[in-house]
Amino acid sequence: MNFAKLLLALPNRALMTAATDLFCPFFLSQVVFSGQTHRCLSTQTEGEVRIVKILKEKFPLASSLKVVDISGGCGAMYEIHIESSEFKGKRTVQQHQLVNQALKTEIQGMHGLRIFTEVPKN
């Protein structure tokens, strides 16, 4: 275990990424580097899964959708990246309003929400 602690304390970003890939199966869903928690890429929190489901239902034409719990897994703050042709012709504020409306119930239990919307290029 001393090797693991030494490896995780190294500042080199490439080693941190390699360590996350190596140790995630043993630490379930998180690895800690220099006091910061890094989640494994293969896991999703219940909140992320719930929000993805809601957004897929509301925006069935979404070509890209990513939801990340940026509060360390407690569900207090999320970051959403969504690309959909359903946003075409709408200003950014209108796009964000659509996402907010879709998540109206979920937002009540959050401290914050970062929304990034895009219209597909083609």
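With the requirement that a residue be in a loop (DSSP other than H, G, I, E, B) and among the polar types (S, T, N, Q), what does the stretch 64-122 give you? Steps first, answer last, please.
Quick first cut of the stretch 64-122, residues in a loop (DSSP other than H, G, I, E, B) only: 70-76, 88-91, 103, 108-111, 119-122.
Matches in the stretch 64-122: 71, 108, 122.
Among the residues of the stretch 59-91, count how many are of a type outside the set (A, V, I, L, M), under 11 Å from the mean Cα position of the chain (by Cα) and closer than 14 Å to residue 111 by Cα. Steps first, please.
Here is the first cut: in the stretch 59-91, the residues of a type outside the set (A, V, I, L, M) are 59-60, 63-64, 66, 69, 71-75, 78-79, 81, 83-91.
Next, only the ones that are under 11 Å from the mean Cα position of the chain (by Cα) stay: 66, 69, 71-73, 75, 78-79, 81.
Of the ones still in play, those that are also closer than 14 Å to residue 111 by Cα are 69, 71-73, 75, 78-79.
Number of matching residues: 7.
Got at least one residue in the stretch 79-87 being aromatic (Phe, Trp, Tyr), within 14 Å of residue 59 (Cα to Cα) and in contact with a strand residue (DSSP E or B) (Cβ under 9 Å, 6 or more places away or on another chain)?
Just the residues of the stretch 79-87 that are aromatic (Phe, Trp, Tyr), to begin with: 87.
Narrowing further to those that are within 14 Å of residue 59 (Cα to Cα): 87.
Cutting the leftovers down to in contact with a strand residue (DSSP E or B) (Cβ under 9 Å, 6 or more places away or on another chain) gives us 87.
Within the stretch 79-87 (the criterion being aromatic (Phe, Trp, Tyr), within 14 Å of residue 59 (Cα to Cα) and in contact with a strand residue (DSSP E or B) (Cβ under 9 Å, 6 or more places away or on another chain)), the answer is yes, since at least one residue qualifies.
Search the stretch 90-102 for residues that are closer than 18 Å to residue 66 by Cβ and pair each with any residue that is assigned to a helix (DSSP H, G or I) and of a type in the set (D, E, K, R) when their beta-carbon atoms are under 9 Å apart and the residues are at least 6 apart or on different chains.
95/86; 98/58; 98/86; 99/58; 102/57; 102/58
Go through 90, 66, 58 for me and flag whichever is basic (Lys, Arg) and farther than 15 Å from residue 101 by Cβ.
Values: 90 fails: farther than 15 Å from residue 101 by Cβ; 58 fails: farther than 15 Å from residue 101 by Cβ.
Only one candidate passes the filter, namely 66.
Read-outs throughout are calculated quantities, based only on the coordinates presented, and are distinct from any laboratory measurement. Note that this is a predicted model, so its numbers are computed, not measured. Quick reminder, even Gly has a Cβ in these numbers, built from the backbone with ideal geometry, and neighbours come from all protein chains shown.
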